[in-house]
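Right, one structure below, let's go through it.
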Amino acid sequence: MSTTTVQKSATADQAPASAPPRRRGERGLAGTLASHGILTVASLIALFPIAWLVFLSLGPDKDDYLHPGRIWGKMTFENYSYVLTETNFFDWLKSSLVVSLGTTAIGVLIAATTGYAVSRMRFPGYRKFMWVLLVTQMFPIAVLIVPMYQILSDLQLIDTYLGLILVYCSTAVPYCAWLLKGYFDTIPFEIDEAGRVDGLSPFGTFVRLILPLARPGLAVAAFYSFITAFGEVAFATTFLLDDEKYTFAVGLQSFVSEHDAQRNLMAATAVLIAIPVSAFFYLVQKNLVTGLTAGGTKG
Amino acid sequence: MTVAVQRLRRSYQRYWYAYAMIAPVVVVLGVLVLYPLAYGFYLTLTDANSLNTARTIGVNEIEATYKFIGFDNYADILWGETAYDRFWSHFIWTIVWTAACVGLHYSIGLGLALLLNQKLRGRTFYRLILVLPWAVPTFVTVFGWRFMLADGGVINSALDFLHLPTPLWLEDTFWQRFAAIMVNTWCGVPFMMVSLLGGLQSIDRTLYEAAEMDGAGAWQRFRYVTLPGLRSVSSTVVLLGVIWTFNQFAVIFLLFGTTAPDAQILVTWAYYLGFGQQPRDFAQSAAYGILLLAILIVFTSVYRRWLNRNDQQLAI
């Protein structure tokens, strides 16, 4: 339908013959400058809040963020050494890693077979199952947080890593299943057929042929569940009580209490968290979106 | 009879692999999602709060004393006294918030993706910088924004320097909302940008050449080649964007805590009812949760139906 419209309007505004022939992808100088201008401004906006945080983390006083000019004269890494030696930083690191890695491991392990099954097999109840997976992903935290709190406190799992991992799995598992379905869809079905012809069972095909091919997809699913668990705020704030068990998302808040706000230490901690996470992110970023929209870009 | 048994057996032989393979997820969803959900729904039919639920104080076990009150919680939330202040004002703000954020995410993301999709010197570099807000965890960047938005922080200093008014970003309701949308837009654009860039790159180059041969101008190529080519990616990321923004907890919670009642969207308001006040109102908080879920399910069903009518498939 769109092609006919293009043809129709094409005759209407035929470009004047005198215009110099310009090849696709080339613009005039003004266009190039404008593109660079907009992208530079956008980059500055993207960069500034982070750069500002790094800058503030170098000021030793907790009110320096209100007088950034004073930081120039007295820049120091004091905040960093204080955070690393005097606070619970490494306890928080441990908690964050335990919870995130636990969620990732369970999420990916459980979701892989399901992703494969919904990618290749059409069974009665298939559509309903997919709908349940989709609906589960859009659960507002508010739906589960109260019942989860009650259930975990009945089971004495409040303030434990296991409790938090279980809660995170409620979102990580359906999410990974969706993601992996999208990825398995991009692996040619002929491979399965070849495996079946050679006498492998559906499960054997999955383990021996498809899983090795799906490694990038598994990595993306793992990364997503890790990041989601690592950055989660609401459940972690509510379910963790002991400040040695805090994850970073909770620990960072604890620098600002009603009585005292150690904003300099908070900034330093924030930077210490941000550096490894963003470094890791950049390593895998290319695969991220392909994983998420695999089905979408294909069509 | 035998036919039915045979059919059953054949169906079992045909599908048992599929059912075995989805079994782990079904079990996990049943235990970790459906059971809590059912329990949560039961709580909404009671008057449970932190004073009458079962709890342990020291060595004393106190039995739960809350009672069943039917649908009173829902009635109270939706049309009880002061329902406007408690529910509808947050509802309207949540809709405005979602529409504004997703609109800004999509339009800015698409604009940047189009710019990055040209042959341009240094576009890999731009791309790496522009992804930064996505790479750093939200709970880290929101604190950065709080430093900047504080009265006397860098934003107000800059505005003051330019002789512009310096709003109380974190205290005045209108500016709280404005700041929340601003911060969330900043956080959400990279995802849209990268997704749409992926979509742009998957559009067949020859379509553009054909359109250009036919004399289509830049706008016509955008309207009749680019937009249709992006349709399936767009429908997916817009749905995800709406769901994520509607449920966005971290940005508002970390910017304002529980101090700004008028800037709370429904999700953070439900959290406030259940965990940010004393006594904790578990029943009402859970009822908000169920209402939120209902809103999202209705929205998603309508959205899907609308997509199907337009002959598009949702990628997820």
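The values are calculated or read from the model by the stated rules, or taken from the named source; none is laboratory data. Just so it is clear, the model here is predicted, and its values are computed rather than measured. Using ideal geometry, Cβ is built from the backbone for each residue, glycine included, and neighbour counts are taken over all protein chains shown. What goes into the accessible areas is simple: the full protein's heavy atoms, side chains included, and nothing from ligands, DNA or RNA. Shrake-Rupley method; radii C 1.70, N 1.55, O 1.52, S 1.80 Å.
Each residue in region B:184-221 was checked for being among the aromatic types (Phe, Trp, Tyr), in contact (Cβ under 8 Å) with a residue 40 or more places away in the chain and either in contact with a Gly (Cβ under 8 Å, 6 or more places away or on another chain) or more than 30 Å from B:Trp145 (Cα to Cα) (or both), and 1 pass. Restricting B:Ile155, B:Ile92 to residues that are within 22 Å of the chain's Cα centre (by Cα), of a type in the set (Val, Ile, Thr) and more than 28 Å from A:Tyr224 (Cα to Cα) narrows the list to B:Ile92.
A:Trp131 meets the conditions (1) among the hydrophobic types (A, V, I, L, M, F, W, C); (2) farther than 30 Å from B:Phe299 by Cβ; (3) in a helix (DSSP H, G or I); (4) open to solvent by 20 Å² or more (accessible area, probe 1.4 Å) in every case but one. The failed one is (2). Please verify whether A:Asp192 is surrounded by fewer than 21 Cβ atoms within 10 Å (Cβ to Cβ), within 11 Å of another protein chain (Cβ to nearest Cβ), touching a Lys or Arg at 6+ places or on another chain (Cβ under 9 Å) and in contact (Cβ under 8 Å) with a residue 12 or more places away in the chain, treating the condition exactly as stated. Against the criterion (surrounded by fewer than 21 Cβ atoms within 10 Å (Cβ to Cβ), within 11 Å of another protein chain (Cβ to nearest Cβ), touching a Lys or Arg at 6+ places or on another chain (Cβ under 9 Å) and in contact (Cβ under 8 Å) with a residue 12 or more places away in the chain), A:Asp192 does not qualify. Residues of region B:114-164 that are facing chain A (nearest Cβ under 7 Å), in a loop (DSSP other than H, G, I, E, B) and either open to solvent by 50 Å² or more (accessible area, probe 1.4 Å) or within 24 Å of B:Leu230 (Cβ to Cβ) (or both): B:Gln118, B:Lys119, B:Leu120.
What is the residue count in region A:210-242 for residues that are among the charged types (D, E, K, R) and over 14 Å from the mean Cα position of the chain (by Cα)? Qualifying residue count for the region: 2. Among the conditions (1) more than 9 Å from chain A (Cβ to nearest Cβ); (2) among the hydrophobic types (A, V, I, L, M, F, W, C); (3) in contact with a helix residue (DSSP H, G or I) (Cβ under 6 Å, 6 or more places away or on another chain); (4) over 29 Å from A:Leu133 (Cβ atoms), the only one that B:Trp219 does not satisfy is (3).
All of B:Thr226, B:Thr236, B:Thr258 fail the test of being more than 9 Å from every other protein chain (Cβ to nearest Cβ) and in a helix (DSSP H, G or I), apart from B:Thr226. Does B:Gln248 satisfy being open to solvent by 20 Å² or more (accessible area, probe 1.4 Å) and more than 24 Å from B:Trp145 (Cα to Cα)? No.
From the list B:Phe282, B:Phe256, B:Phe299, B:Phe246, the one residue that fits, being touching a residue at least 24 places away in the same chain (Cβ under 8 Å) and touching a strand residue (DSSP E or B) at 6+ places or on another chain (Cβ under 9 Å), is B:Phe282.
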